[in-house]
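One structure below.
The values are calculated or read from the model by the stated rules, or taken from the named source; none is laboratory data. In this text, all values refer to a predicted model and were calculated from it rather than measured experimentally. Backbone-built Cβ (ideal geometry, glycine too); neighbour counts: all protein chains shown.
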Amino acid sequence: MKNKTPAFHSLSRRIVAQFCIFTLVLSSIYGMFCFLLLYNLEDKFIEREVRQEAAYLTAGYEQTKQWPVARNSSMQLYFSKHNLPADMRQQFIEEPQQIEFYGTQGRHYHLYALPEQQDVYLVAEVSQMLLVRPIRGGVLKLMLVSGAILVFIAFLIAWMLGRKTARPLKQLADLVDGVAPQNIPNSFAYQFPNNEIGILARTLEQTMRRLNQALEREKCFTRDVSHELRTPVAIIKNAVEVYQEAGMAKDDGKNIVSRISDASMQMEQTVTTLLVLAREEQTSIKKEPTKLLPMIEQSIIDHSRLLDGKPVAVLVNDNCNTSVFAQPGMLKVLLDNLISNAFQYTDLGEVTISFINEQLTIADTGPGIEQGISKNVTEPTVKGSQSTGYGFGLSIVKRLCEHQGWLLTVTSDKGTTISVSFADPALA
């Protein structure tokens, strides 16, 4: 069953809809509040008029012991609940605590029981005093029109706000939608404002940069494996061919098996090293003091075939008889690439290997690096016209040095000199 793609919902439209709904709800609540307030004010006004009239009547009774006539023609005294107006009498008998009653033919009553008087009631027929009820329809229409205007204003504000809010998001979506990680512009996140959208853009930029780096490392891994394993595979192949020859002495057989074992171990170290470079992680193998001279000598032996028939002397200075703080596998790959490059491109003269002040230097008297590729000689597939390889050696060295925090320097004048500093930059 195929997963259905969710329907697209515009963010700006959602902002407009929610803003309008909020305004409509708020306007409705405000209108209800205004109506309740008007009704309450109306009731307070009528109640005050009734109480003032009741006070006047009570004062007149206390002076003359007779009840005066109410000044307001809409008010009248009743001395028994059974004498109350017929259209409100039954309501009062059933609910004696109620003070407001609805009569027939649009009449509306307010009742006030005079204090300290038994069964004396002042009843006001207030239908002519009502202010809100006669204009209720007009007020309602006014509120509806006002609410519609407010909703329209809210729509305009929300539309402008939605466009302003969604514009950088749309720009970001258009920028990254369907674009390969390697084609994303550099530092594109800085064109976005320093807010949540900017944070999202920077996070996307960092994620896509890491993804691009991971893809690049995977590509480099496939190249590096074929490049780095050629030497140990050739050693194993030659050793097997020699081992298969008849009449071999027992000691020679042991030597060949030892060479196969060493080459296999070198392959294992190389694969481990390249996997570390291919992944964004640190190898579990810790750095340790590693003897430099034996590894140099082994690399010279492994690549000595590159000097066959060449009048080239290999000079290893005594200062190489020291230790460096490094991972043995990483150091072996570094030496193999640097020494094999020096042997391959030197046809006459010498190759000098030295170690001074935590810096390994390998210098040769070869033709040097061509001027056209000198600036990017450490990039993949970049090689000189005399190269018979694939152009990955110095690229591996560069990536290895970056991973381990070593400083790589390449100079070319009369021959080529490559230096690798093992000093900790934090201690420099």
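Name the one entry in H82, H108 that is touching an Asp or Glu at 6+ places or on another chain (Cβ under 8 Å) and not charged (D, E, K, R).
Sole residue among the options that is touching an Asp or Glu at 6+ places or on another chain (Cβ under 8 Å) and not charged (D, E, K, R): H108.
Select the strands (runs of 3 or more DSSP E) contained entirely in the range 285-374, then report the ones holding at least 3 residues which are assigned by TED's automatic domain parsing to the domain that holds V410, under 22 Å from G415 (Cβ atoms) and in contact (Cβ under 8 Å) with a residue 40 or more places away in the chain.
349-356, 359-364
Which of the following residues is closer than 23 Å to A55 by Cβ, among the hydrophobic types (A, V, I, L, M, F, W, C) and either part of a helix (DSSP H, G or I) or touching a Lys or Arg at 6+ places or on another chain (Cβ under 8 Å) (or both): F92, F101, F152?
Selected residue: F92, the only one of F92, F101, F152 that is closer than 23 Å to A55 by Cβ, among the hydrophobic types (A, V, I, L, M, F, W, C) and either part of a helix (DSSP H, G or I) or touching a Lys or Arg at 6+ places or on another chain (Cβ under 8 Å) (or both).
Among M129, M143, which is more than 30 Å from R202 (Cα to Cα), in a helix (DSSP H, G or I) and in contact with a helix residue (DSSP H, G or I) (Cβ under 7 Å, 6 or more places away or on another chain)?
Unique residue meeting the criteria: M143.
In this structure, does Q76 turn out to be among the polar types (S, T, N, Q) and free of Cβ contacts under 8 Å to residues at least 24 places away in the same chain?
No.
Taking the criterion of being closer than 20 Å to L38 by Cα and under 60 Å from the mean Cα position of the chain (by Cα), would at least one residue in the range 96-115 satisfy it?
Taking every residue of the range 96-115 in turn, none turns out to be closer than 20 Å to L38 by Cα and under 60 Å from the mean Cα position of the chain (by Cα).
With the checklist (1) modelled with pLDDT under 75; (2) exposed (fewer than 15 other Cβ atoms within 10 Å of the Cβ) in hand, flag the one item F221 doesn't pass.
Answer for F221: the failing condition is (2).
Take the conditions surrounded by 14 or more Cβ atoms within 10 Å (Cβ to Cβ), in the same structural domain as K44 (by TED's automatic domain parsing) and aliphatic (A, V, I, L, M) and apply them to V151. Does it pass?
No.
To keep it simple, each residue is scored yes or no on (1) within 19 Å of T23 (Cβ to Cβ); (2) in the same structural domain as S27 (by TED's automatic domain parsing); (3) in a helix (DSSP H, G or I); (4) at pLDDT below 70.
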| site | (1), (2), (3), (4) |
| --- | --- |
| I157 | yes, no, yes, no |
| G162 | yes, no, yes, no |
| T165 | yes, no, yes, no |
| K170 | no, no, yes, no |
| P185 | no, no, no, yes |
| P193 | no, no, no, no |
| L200 | no, no, yes, no |
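Suppose we keep only residues that are exposed (fewer than 13 other Cβ atoms within 10 Å of the Cβ) and part of a loop (DSSP other than H, G, I, E, B) within the range 390-428. Which one would you say is modelled with the highest pLDDT?
Among those that are exposed (fewer than 13 other Cβ atoms within 10 Å of the Cβ) and part of a loop (DSSP other than H, G, I, E, B), it is G405.
Considering the range 60-103 alone, what residues qualify as being among the hydrophobic types (A, V, I, L, M, F, W, C), loosely packed, with under 14 Cβ neighbours inside 10 Å and farther than 13 Å from L122 by Cβ?
Across the range 60-103, the qualifying residues are A86, I93.
Residues in the range 117-139 that are surrounded by 12 or more Cβ atoms within 10 Å (Cβ to Cβ) and modelled with pLDDT under 80: how many?
The qualifying residues number 9.
Report yes if some residue within the range 113-127 is in contact (Cβ under 8 Å) with a residue 60 or more places away in the chain and among the small types (G, A, S); otherwise report no.
Scanning the range 113-127 turns up at least one residue that is in contact (Cβ under 8 Å) with a residue 60 or more places away in the chain and among the small types (G, A, S).
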